[in-house]
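Q: I have a structure I would like to understand better, so I am pasting it below and will then ask my questions one at a time.
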Amino acid sequence: MLITSLVMSLNQLLPVAILLILLQVVAKQSLMKLLGGLILGIGLSFLFVKSAPLMSPLFDYQGLEYAQIGLCILIFISALYYAIKQATAAFMIAIISVMTLYLSHYIIYLIGFWQSNEAAQSLFIGTFLGLGICSSFSVLLYFLLSAIKQRFGLTPLLVLLALNSAAKLVVALDLASQIDLIATTVTVWDLRDILTENSEFGRVLRALIGYEATPNLTSLLSYVLSSVLFLSACYFIPKSITKEKS
Amino acid sequence: MIKQLIRPYLYCCVFLSFNAASKDYRIVLKDHLFYPAEIVVPANKKVRLLIENQDSTPEEFDSFDLNREKVLYPKRKSVIYIGPLIPGRYEFFGEFSPNTARGAVIVTEKERSNANN
Amino acid sequence: MKAINLFAATVLIGFCLLIPKLAYADGIVVDKVYHPYVLPFERELEWRLVSHQTDSGNILAQRIGLGGAINDTMALEGYLVGERDDNGDFGLQAYELELRWQLIEQGRLWADWGALFEFEKQHDADAYEATSGFVIEKEFGRASLTMNAFLVYEWGQDIENEWETEFRAQYRYRYLSAFQPSIELYAGEDFIGIGPGFIGLYRFEGQKQLKWEAGFISEISQSEKNHSFRLALEFEF
């Protein structure tokens, strides 16, 4: 139970930590705002879990999926807005949405298995250690990305952020096909022999840029198009603003 | 509003998708184990998985190969659509009990009578 | 953290990755990364846990040890090792004796050097293992790089007589004394694992301190799921 909760907490915290670090390196937010966002995120995650029984029966028992799709789209839009305008509100919305999307899975696990005292102890220790390892990874990632920003400028970071945000839209597409909202297409390629998503490196790559070993054509097209859209918006919109000013 | 947002993708999908009618395939989760552990479904068709969680604790149906993730609430049935899939083996597991709750969807070309309608 | 320090550390790690190509050891390679320091009059109580998870099962090893400094530069420690295998049986697995030797004063040369000698005997089997090797640590501003290179010889009637090599490295950033994030690398037979972790310490009065370490190592030489989690607590008094 300890190892399961450790691995689970790591898996759910990783996408949150990566987005947080990416946004922080693009434009730094003060510690108070960061902490505020984290606390609100945890709060909203709990609220999401508590209201899940109410949301779930909506839209013919697809209410939760619709909510999750909405969160994914919100993350994409707020990350894009933050990349262009560096507005604190966009930062907060992105962080709170990503926390609600991922931490809710872990909170359901905690609440579901909190019954016995023995389980509670392992869960607590596992969560604590998972948080520690994730923090360690985050600090190292932060310094690595800061060094890259110092050396190569903002472009590589915007590329990473674009891919990371595009990956959220692919998650939305997967959820939509899960509830038969859209039709999916067949798998384009199978890279499971080279790198499975179930391995640790695969999971990190999935959390960072949305790596998929068995993507379908719709996901692939939307990933490429939304990344290009993201980067184009980051490049052209600030230019048009400076042109207007001059 | 959400349906309007994904309309551009639908145009793409219409040319490329297989919109065959889907049949129900049942999986039961009991004592943190999936029954059947391996389920056979036809290739290139949309398939409807009906998963029943007979445990008193929640479980999360997770599959990287199928790109599906859904929380299975206790004593509840959940529906997940998969496919169209090319023949092969697609593994899934319960994220809350990854050592016990494991299974696979086997996709074959032949039409098998595994559907429960 | 200066870019040049990161660059130097990356080059050093990259160079050291050539050594693991020669590393050859069976069993669980993930353990702790040793540091080449011995405090005179130190006494310590240590507990270590390693959980190794693959698709086929889980192996859990725990060890508890008691030791202390025997002179200004050497420390001797004795351990009891217990293991729970795939069948779920947990029992005493081995006894171990470890000698840590600080070779150079800290800061005197470009890096700090130490040596490590270990002797292990299996509890229920006629199997012995002797390890000897070097421990190096170098500071780069606020970061530290620690490397261990060991030569191991296994012998006995219940085990194949063979030579093995092991390589371990830890790159850590001394962010706060209680929380120092790190990346660790372990290399042995058919195993190269890397992963994040952290170490920390808390000082009580006098020489008393509590140290903790945790690490999550994933194997990169295979494409399937294979990860190890390690935890160590050390109380010095």
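The values are calculated or read from the model by the stated rules, or taken from the named source; none is laboratory data. Being a predicted model, the structure only gives us computed values, none of them experimental. Backbone-built Cβ (ideal geometry, glycine too); neighbour counts: all protein chains shown.
Q: Just need a number here: residues in the stretch B:40-62 that are at the interface with chain A (Cβ under 10 Å from one of its Cβ atoms), surrounded by fewer than 23 Cβ atoms within 10 Å (Cβ to Cβ) and in contact (Cβ under 8 Å) with a residue 24 or more places away in the chain.
A: 9
Q: Within the stretch A:183-206, which residues are touching a residue at least 24 places away in the same chain (Cβ under 8 Å), of a type in the set (A, V, I, L, M, F, W, C) and within 13 Å of chain C (Cβ to nearest Cβ)?
A: A:204
Q: Being of a type in the set (Lys, Arg) and buried (at least 20 other Cβ atoms within 10 Å of the Cβ) is the filter here; which residues of the stretch C:189-237 pass it? Full working, then the answer.
A: Within the stretch C:189-237, the first condition is being of a type in the set (Lys, Arg), and the residues that meet it are C:203, C:208, C:211, C:225, C:230.
Within the stretch C:189-237, C:230 is the sole residue that qualifies.
Q: Specify the residue that is nearest to the chain's Cα centre (by Cα); the eligible residues are those in the stretch A:159-179 that are of a type in the set (Val, Ile, Thr) and either away from chain B (no Cβ under 14 Å) or in a helix (DSSP H, G or I) (or both).
A: Initial filter on the stretch A:159-179 (of a type in the set (Val, Ile, Thr)): A:159, A:170-171, A:179.
Still in the list and also either away from chain B (no Cβ under 14 Å) or in a helix (DSSP H, G or I) (or both): A:159, A:170-171.
Details: A:159: 15, A:170: 11, A:171: 10 Å.
Filtering the stretch A:159-179 for residues that are of a type in the set (Val, Ile, Thr) and either away from chain B (no Cβ under 14 Å) or in a helix (DSSP H, G or I) (or both), the one nearest to the chain's Cα centre (by Cα) comes out as A:171.
Q: Which ones in the stretch C:49-85 are surrounded by fewer than 16 Cβ atoms within 10 Å (Cβ to Cβ) and among the polar types (S, T, N, Q)?
A: C:54, C:56, C:58, C:71
Q: Of all residues being among the acidic types (Asp, Glu) and away from chain A (no Cβ under 12 Å) in the stretch C:161-187, which is nearest to the chain's Cα centre (by Cα)? Just the residue, please. Can you show your working first?
A: Of all residues in the stretch C:161-187, those among the acidic types (Asp, Glu) come to C:162, C:164, C:166, C:184.
Checking which are away from chain A (no Cβ under 12 Å) leaves us with C:162, C:164, C:166.
Numbers: C:162: 21, C:164: 16, C:166: 10 Å.
Out of the qualifying residues, it is C:166.
Q: Here's another thing I want to ask about it. (1) in contact with a Phe, Trp or Tyr (Cβ under 7 Å, 6 or more places away or on another chain); (2) of a type outside the set (D, E, K, R); (3) farther than 24 Å from residue C:209 by Cβ; (4) not in a strand (DSSP E or B): which one isn't true of residue C:110, the others all being true?
A: If we test residue C:110 against (1) in contact with a Phe, Trp or Tyr (Cβ under 7 Å, 6 or more places away or on another chain); (2) of a type outside the set (D, E, K, R); (3) farther than 24 Å from residue C:209 by Cβ; (4) not in a strand (DSSP E or B), just (1) comes out false.
Q: Based on this model, can you work out whether residue C:68 counts as within 22 Å of residue C:212 (Cα to Cα), small (Gly, Ala, Ser), over 17 Å from the mean Cα position of the chain (by Cα) and not in a loop (DSSP other than H, G, I, E, B)? Spell out how you get there, then give the answer.
A: Numbers: within 22 Å of residue C:212 (Cα to Cα): yes; small (Gly, Ala, Ser): yes; over 17 Å from the mean Cα position of the chain (by Cα): yes; not in a loop (DSSP other than H, G, I, E, B): yes.
Here the answer is yes, as residue C:68 does meet what is asked.
Q: Within the stretch B:33-117, considering only strands (runs of 3 or more DSSP E) that don't extend past its boundaries, which have at least 1 residues that are closer than 23 Å to residue A:12 by Cβ and of a type in the set (S, T, N, Q)? Before the answer, list the steps.
A: Numbers: elements: B:33-35, B:38-42, B:47-53, B:59-63, B:68-72, B:76-82, B:88-94, B:102-108.
Qualifying strands (runs of 3 or more DSSP E): B:47-53, B:59-63, B:76-82.
Q: Are there any pairs with C-beta distances below 8 angstrom linking a residue in the stretch A:42-57 that is away from chain B (no Cβ under 14 Å) to a residue that is part of a helix (DSSP H, G or I) and of a type in the set (Ser, Thr, Tyr), with the two at least 6 apart or on different chains, and if so which?
A: Close Cβ pairs satisfying both conditions: A:44/A:100.
Q: Return the only residue of A:75, A:108, A:96 being in a helix (DSSP H, G or I) and either hydroxyl-bearing (Ser, Thr, Tyr) or within 11 Å of another protein chain (Cβ to nearest Cβ) (or both). Walk me through it before giving the result.
A: Details: A:75 fails: either hydroxyl-bearing (Ser, Thr, Tyr) or within 11 Å of another protein chain (Cβ to nearest Cβ) (or both); A:96 fails: either hydroxyl-bearing (Ser, Thr, Tyr) or within 11 Å of another protein chain (Cβ to nearest Cβ) (or both).
Being in a helix (DSSP H, G or I) and either hydroxyl-bearing (Ser, Thr, Tyr) or within 11 Å of another protein chain (Cβ to nearest Cβ) (or both) holds for just one of A:75, A:108, A:96, which is A:108.
Q: Keeping to the stretch A:207-225, report how many residues are of a type outside the set (Gly, Ala, Ser), facing another protein chain (nearest Cβ under 8 Å) and part of a helix (DSSP H, G or I).
A: Total satisfying the criteria: 3.
Q: Oh, and also: Is it fair to say residue A:91 is in contact with a Phe, Trp or Tyr (Cβ under 9 Å, 6 or more places away or on another chain), surrounded by fewer than 17 Cβ atoms within 10 Å (Cβ to Cβ) and either away from chain B (no Cβ under 14 Å) or not in a loop (DSSP other than H, G, I, E, B) (or both)?
A: no
Q: From A:210, A:153, grab the single residue that is at positive phi, in contact (Cβ under 8 Å) with a residue 40 or more places away in the chain and out of contact with any Cys (no Cβ under 8 Å at 6 or more places or on another chain). Before you say what the answer is, go through the steps one by one.
A: Working: A:153 fails: in contact (Cβ under 8 Å) with a residue 40 or more places away in the chain.
Selected residue: A:210, the only one of A:210, A:153 that is at positive phi, in contact (Cβ under 8 Å) with a residue 40 or more places away in the chain and out of contact with any Cys (no Cβ under 8 Å at 6 or more places or on another chain).
Q: Another question about this same structure. Considering only the stretch A:21-44, state which residues are of a type outside the set (A, V, I, L, M) and either in contact with a helix residue (DSSP H, G or I) (Cβ under 6 Å, 6 or more places away or on another chain) or assigned to a helix (DSSP H, G or I) (or both). Walk me through how you get there before you give the answer.
A: Quick first cut of the stretch A:21-44, residues of a type outside the set (A, V, I, L, M) only: A:24, A:28-30, A:33, A:36-37, A:41, A:43.
Hits for the stretch A:21-44 are A:24, A:29, A:33, A:36, A:37, A:41, A:43.
Q: Scanning the stretch B:27-39 for residues that are touching a Phe, Trp or Tyr at 6+ places or on another chain (Cβ under 9 Å) and either surrounded by fewer than 18 Cβ atoms within 10 Å (Cβ to Cβ) or within 12 Å of another protein chain (Cβ to nearest Cβ) (or both), which turns out modelled with the highest pLDDT? Step through it out loud before you land on a result.
A: Let us first name the residues in the stretch B:27-39 that are touching a Phe, Trp or Tyr at 6+ places or on another chain (Cβ under 9 Å), namely B:27-29, B:32, B:34, B:39.
Subset that is either surrounded by fewer than 18 Cβ atoms within 10 Å (Cβ to Cβ) or within 12 Å of another protein chain (Cβ to nearest Cβ) (or both): B:28, B:32.
Values: B:28: 94, B:32: 91.
By that ranking, first place goes to B:28.
Q: Sort out which residues of the stretch C:194-230 are more than 9 Å from chain A (Cβ to nearest Cβ) and basic (Lys, Arg), and write them in order of number.
A: Listed by number, the residues that qualify are C:203, C:208, C:211, C:230.
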